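First the structure, in the form of structure tokens, and then the observations on it.
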Amino acid sequence: MPSERPTERPTELPTEPPTGRLSRARILAAAIDLVEREGADAVSMRRIASELGVGVMSLYNHVPNKDALLDGVAETVLSGIEFTDDPGAHWTDRVRMQARAFRQIAHHYPRCTMLVVSRQLHSHAGLLPVERALATLRGAGFGGEDAVRALRMFIAFIVGSLLREVGVTPTFAPVHAGTLKAEEVDPALFPEVSALAPLLDSCDHEAEFEFGLELLIQAIGVHAGRGEGAR
């Protein structure tokens, strides 16, 4: 199985609320659009009703409360992940494909993705990516505890990369170039920072993601090779 990056885009979610009869899909589309524009804190049943131009009570025929609405947003985003899998491929190639698929949807819907990783989802859409990842790791010989730990580690890395990419975490992840100038750093006190300032002031997010992904895969591969992964 080739390990090249997939070129396909994730399934486009309905971020523009369709016109017509009120439905759960239309409500979720409005919520996704609002989350991406203003964040999850902006979401309320009243605000969604206003976005759709309907009475707030009409929403409750389709979504029982705000918590269910946010779960629906997270599940809709997860359902847009396009997994391309080959059970016969090496587990490292399968992990790469799964991680890149999750990153693609996260890149297109970064604020909604924060809902995905912050909520416990027990629906088919919520459990399917977890099942795929765990099955891949278990098939590679990892024990249950190590498979769960590896899954959490990959999720943490992907989410951390996403936060850096969208500019939520500022540390050495410039949103705009020119934020760290070598001439403004005292080379006597900070010789390495001064010498590497041009690199610290630029960031190829895709290259950074691939670099980190490869390090993680190699590290857990070494761990499994020592016989600690399957027990």
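The values are calculated or read from the model by the stated rules, or taken from the named source; none is laboratory data. If you're wondering where the values come from, they're calculated on a predicted model, not measured in any experiment. All Cβ positions, even for glycine, are placed from backbone atoms using ideal geometry, and neighbour counts span all protein chains on display. Protein only, heavy atoms only, side chains kept; ligands, DNA and RNA dropped before computing areas. Shrake-Rupley method; radii C 1.70, N 1.55, O 1.52, S 1.80 Å.
To the nearest 0.05, what FRET efficiency results for D86 and A156 with a Förster distance of 41 Å applied to their C-beta separation? Present the calculation step by step, with values, prior to reporting the outcome.
Values: r = 26 Å, r/R0 = 0.63.
Calculated transfer efficiency: 0.95.
Please say if the stretch 64-148 is rounded, prolate or oblate, where rounded means a/c under 1.5 for a ≥ b ≥ c the square roots of the C-alpha gyration tensor eigenvalues, and otherwise the choice is prolate for a/b larger than b/c and oblate otherwise? Before the final figure, lay out each step's value.
Numbers: a/c = 2.58, a/b = 1.74, b/c = 1.48.
Prolate shape, in that a/c is at least 1.5 and a/b is the bigger ratio.
Let me check against my output: what whole-number percent is the relative contact order of the stretch 29-75, with C-alpha pairs under 8 Å and at least 6 apart?
On the way: 28 pairs, mean separation 16.4, N = 47.
This gives 35 percent for the stretch 29-75.
With a 1.4 Å probe and all protein chains kept in place, how do L115, L128 rank by accessible area, largest first?
Working: L115 15, L128 65 Å².
The ranking, largest first, comes out as L128, L115.
Quote to one decimal, in nm, the extra length available between N65 and E145 on full extension: 0.36 nm per residue of separation minus the C-alpha distance between them.
Numbers: separation 80, 0.36 × 80 = 28.80 nm, distance 3.53 nm.
Between N65 and E145, full extension yields 25.3 nm more.
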